[in-house]
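First comes the structure, then the notes that go with it.
The values are calculated or read from the model by the stated rules, or taken from the named source; none is laboratory data. Every value quoted in this text rests on a predicted model; they were computed, and no experiment measured them. Here Cβ is always computed from backbone atoms with ideal geometry, including for glycine, and neighbour counts include all displayed protein chains.
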Amino acid sequence: MKTDLHVNFSGNCDEAFSFYETVFGTKRLITMTYGEAPQPAPVPEDWSGKVMHTSMPVGSITLMGCDAPPDRGAPMGGFQVSVSDADEAEVKRIYAALSEGGSIVMPLAPTFWSPLFGMCSDKFGMNWMVSVPGPEMPTA
């Protein structure tokens, strides 16, 4: 089984994914707009250039997204995307990029489970946990 993540945006999906391409050094696999759909999409006329579907590899998952029409979207929240890398400098770079223009929830710092861990929300409202992997935690 493969599990991926699909995120709804409020009209700025293309901008968000361009940002994620830069942060994660990856490229989109595909991007389709509502105007490119073979059948007219049930979206406002001015949404023809908005993203109906896009995807890109980020680490071991495919991050997917779309612009959810105003009557079908929901605000982001209730989840965080967790990104980890053994390279401390890379973790610091990713965290700085993601938190720029967003908000810091927990500054990068050592924790009892990780040599370096932090949480932030990016400028698009996506919540992130960024860390250097730590030793395996004991199980009960």
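Points worth noting:
- Verdict on Gly65 being surrounded by 13 or more Cβ atoms within 10 Å (Cβ to Cβ), touching a Ser or Thr at 6+ places or on another chain (Cβ under 7 Å) and without any contact (Cβ under 8 Å) to a residue 60 or more places away in the chain: yes
- Residues of region 23-78 that are aliphatic (A, V, I, L, M) and over 21 Å from the mean Cα position of the chain (by Cα): Ala37, Ala41, Val43.
- Across region 1-39, the qualifying residues are those that are of a type in the set (D, E, K, R) and in contact with a helix residue (DSSP H, G or I) (Cβ under 8 Å, 6 or more places away or on another chain), and the one among them that is surrounded by the most Cβ atoms within 10 Å (Cβ to Cβ) is Arg28.
- Applying the condition of being in a strand (DSSP E or B) and touching a Lys or Arg at 6+ places or on another chain (Cβ under 7 Å) to region 23-63 and asking which residue is farthest from Met129 (Cα to Cα) yields Thr33.
- Residue that is touching a strand residue (DSSP E or B) at 6+ places or on another chain (Cβ under 6 Å), charged (D, E, K, R) and either free of Cβ contacts under 8 Å to residues at least 60 places away in the same chain or surrounded by 12 or more Cβ atoms within 10 Å (Cβ to Cβ) (or both), where the choices are Lys123, Lys50: Lys50
- Of Ala140, Ala74, all but one fail to be modelled with pLDDT under 95 and either of a type in the set (S, T, N, Q) or closer than 30 Å to Val43 by Cβ (or both); the exception is Ala74.
- Of note, Phe79 satisfies the criterion of being modelled with pLDDT under 90 and either surrounded by 14 or more Cβ atoms within 10 Å (Cβ to Cβ) or closer than 22 Å to Ser10 by Cβ (or both).
- Residue count, region 85-120 (criterion: in contact with a strand residue (DSSP E or B) (Cβ under 8 Å, 6 or more places away or on another chain), closer than 20 Å to Gly25 by Cβ and surrounded by 15 or more Cβ atoms within 10 Å (Cβ to Cβ)): 12
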